[in-house]
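J.: Below you'll find the structure I mean.
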Amino acid sequence: MYIYNVTITLEPEIEAQWLNWMQQGHIPDMLKTGKFISALMTKVITDQDLGGPTYSVQYRCSSKEVLQDYYTQDALNMRAQSAPFAGKFIAFRTELDVIQEFL
């Protein structure tokens, strides 16, 4: 299992509109690429000032190779969908290799 994690810090005035877009459009569209098994969206809770509301979305896929296929086939188009929010958020992406999951 491999996780593609996207952490996003927003300007507060776009939070409600951005959340709606993510939940109703972007995350379902990411899953429709067929590259991801599931997605988990969380709000980052911290005492640190991150500069605005911060969210993390973890997209699970079966392997690094599948994620690489996403990068080459889908990433440009999917990232372009955020154009209405351009300049009002900062995102950084990380990859996580799952060693073991405990339930």
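J.: Please find, among Gly34, Gly25, Gly52, the residue that is surrounded by fewer than 17 Cβ atoms within 10 Å (Cβ to Cβ), touching a residue at least 12 places away in the same chain (Cβ under 8 Å) and part of a loop (DSSP other than H, G, I, E, B). Before you say what the answer is, go through the steps one by one.
T.: On the way: Gly34 fails: touching a residue at least 12 places away in the same chain (Cβ under 8 Å); Gly25 fails: part of a loop (DSSP other than H, G, I, E, B).
Answer to the selection: Gly52.
J.: Taking the condition open to solvent by 70 Å² or more (accessible area, probe 1.4 Å) and either outside any loop (DSSP other than H, G, I, E, B) or without any contact (Cβ under 8 Å) to a residue 12 or more places away in the chain (or both), does Gln68 pass?
T.: Values: open to solvent by 70 Å² or more (accessible area, probe 1.4 Å): yes; either outside any loop (DSSP other than H, G, I, E, B) or without any contact (Cβ under 8 Å) to a residue 12 or more places away in the chain (or both): yes.
Here the answer is yes, as Gln68 does meet what is asked.
J.: If the requirement is being in contact with a Lys or Arg (Cβ under 6 Å, 6 or more places away or on another chain) and open to solvent by less than 70 Å² (accessible area, probe 1.4 Å), which of these qualifies: Val44, Val6, Val57?
T.: Values: Val44 fails: in contact with a Lys or Arg (Cβ under 6 Å, 6 or more places away or on another chain); Val57 fails: in contact with a Lys or Arg (Cβ under 6 Å, 6 or more places away or on another chain).
None of the others qualify; the one that does is Val6.
The values are calculated or read from the model by the stated rules, or taken from the named source; none is laboratory data. Since the structure is predicted, the reported quantities are computational estimates derived from the model, not experimental observations. Because the Cβ atoms are built from the backbone with ideal geometry, glycine has one as well, and the counts that use them run over all protein chains shown. When the accessible area is computed, the model is the full protein with side chains, heavy atoms only, and any ligands, DNA or RNA have been set aside. Shrake-Rupley method; radii C 1.70, N 1.55, O 1.52, S 1.80 Å.
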